[in-house]
Amino acid sequence: MNGLILFAGFIFFLWLGRSILIPLLVATFFWYLINAISAYYRKVMPFKKPVGRRDVKWSHVFNWASNIFAAATLGAIMYLFATQVRPMFSELLAALPDIQHKLIELGNYLSNAIGLHFDSELLPNITQIAKNVGTSAAGFATSVGMIFVYLLFMFIEQSTFHKKFAALFPNKKQSKKMQYIIGSIDDNMKKYLFMKTLLSAITGILSYFWLQIIGLEFAGVWAFIVFITSYIPTIGAIVACGLPIIYALAIAPGLHLPILTAAGLIGLQILFGNILEPKLTGKTLNLSTLAILINLVFWGMIWGIAGMFFSVPLLVATFIITAQFDSTRWIAVLLSADGNIPDKREE
């Protein structure tokens, strides 16, 4: 009973503190991503293995330089979105009422062809949905300053993390165990976020070129949606493919354009999401599909779209932590895809 009360209190805390926790989680996401990109930059930069004191000094300089290059990379992507994709979103929003009308016409045509009654009120109001999403995005934009502050202080205090950790766990055996857990989470998160972002970006770029080739309007918008929704398991792929396919059905006079749209986008999702990603991420996501879906719904109910976006990294952290304690290893087994879980680090 006490455990149930504690769990309910924890859920209430997550929901009540979402205005603080979500920006912190977003800042952590960017911090991990910048560090992951920075690590790959350092592989091609000098002073990777310092020998003397002078080399150590220069190594710190190049570490900061790699972080700046990584941050600049993300900044360039955001600038590209602001200057290229955002105007397309405005044009799409202006065209939504006409698209809604064409969807109703399509529904009437299909119902007459099949012989079933079609009620146009059953169709979702895409204009209202877009406004709600825009309102949520605007609310998120107000947290950008807080996210930037969190991110800045994370980098400032990054060099002191190990000292604070050592002071927090003075017992050597306990400290080694906790360092192993934190190190495992850190390594898996960096690998997952870097590979996920890279594959999502490639999928979005290829989707853009494919939609441009076949002549579907707002290719930049659909490609951006493909990139963003790639972080959301299962549902993200459905949304990424479904929205442009529905749009193609609404505007095209025949089935040629919708079929090409579906073939290209679904093919890319299968190639990158189902074939390449598992091979490149290795055992990072040795997670049950059912566990991923339940986790997706859980965080979606608490934090909305932001919770769905971060559901997989949170599940990976939970999986690693629960595998390290005898009392919770059964949870890790249930979360795993095949029953194989990380070895427990003995204290």
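The values are calculated or read from the model by the stated rules, or taken from the named source; none is laboratory data. The structure presented is a predicted model; accordingly, all values stated were derived computationally and were not measured. Backbone-built Cβ (ideal geometry, glycine too); neighbour counts: all protein chains shown. The area values use the complete protein model at the heavy-atom level, side chains included, leaving out ligands, DNA and RNA. Shrake-Rupley method; radii C 1.70, N 1.55, O 1.52, S 1.80 Å.
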Would the range 223-242 turn up any residue that is under 25 Å from Phe319 (Cβ atoms), aromatic (Phe, Trp, Tyr) and part of a helix (DSSP H, G or I)? no
Pairs with Cβ under 8 Å, 6+ apart, first in the range 187-209 and within 16 Å of Pro313 (Cβ to Cβ) and touching a residue at least 12 places away in the same chain (Cβ under 8 Å), second of a type in the set (Gly, Ala, Ser) and outside any helix (DSSP H, G or I): Lys191/Gly282; Lys196/Ser230; Leu199/Ser230; Ser200/Ser230
What pairs can you find where one residue is in the range 148-174 and free of Cβ contacts under 8 Å to residues at least 40 places away in the same chain, the other is part of a helix (DSSP H, G or I) and open to solvent by less than 80 Å² (accessible area, probe 1.4 Å), and their Cβ atoms are less than 7 Å apart, with a gap of 6+ or different chains? Ala166/Ser175; Phe169/Ser175; Phe169/Met178
Tell me which residues, restricted to the range 210-223, are farther than 20 Å from Arg86 by Cβ and either in contact with a strand residue (DSSP E or B) (Cβ under 9 Å, 6 or more places away or on another chain) or of a type outside the set (Gly, Ala, Ser) (or both). Trp210, Ile213, Ile214
For Lys279, the lone unmet condition from (1) charged (D, E, K, R); (2) crowded, with 16+ Cβ neighbours inside 10 Å; (3) more than 17 Å from the chain's Cα centre (by Cα) is (2)
Would you check if Tyr32 is closer than 23 Å to Lys196 by Cβ, open to solvent by 50 Å² or more (accessible area, probe 1.4 Å) and modelled with pLDDT of 70 or more? no
Failed criterion for Gly264 (all others in (1) open to solvent by 60 Å² or more (accessible area, probe 1.4 Å); (2) part of a helix (DSSP H, G or I); (3) over 30 Å from Ile341 (Cβ atoms); (4) not hydrophobic (A, V, I, L, M, F, W, C) hold): (1)
How many residues, within the range 291-346, are of a type in the set (Ser, Thr, Tyr), over 21 Å from Val26 (Cα atoms) and open to solvent by 30 Å² or more (accessible area, probe 1.4 Å)? 2
Assigned to a helix (DSSP H, G or I), surrounded by 13 or more Cβ atoms within 10 Å (Cβ to Cβ) and either at pLDDT 70 or above or over 26 Å from the mean Cα position of the chain (by Cα) (or both) - does that describe any residue in the range 125-146? yes
Could you list, in sequence order, all residues of the range 159-200 that are in contact with a Lys or Arg (Cβ under 6 Å, 6 or more places away or on another chain) and open to solvent by 20 Å² or more (accessible area, probe 1.4 Å)? Tyr180
Scan the range 299-324 for residues that are under 21 Å from Gly339 (Cα atoms), among the small types (Gly, Ala, Ser) and at pLDDT below 85 and report the count. 2
Hey, Phe224 hits all of (1) within 28 Å of Ala337 (Cα to Cα); (2) touching a helix residue (DSSP H, G or I) at 6+ places or on another chain (Cβ under 6 Å) but one; which does it fall short on? (1)
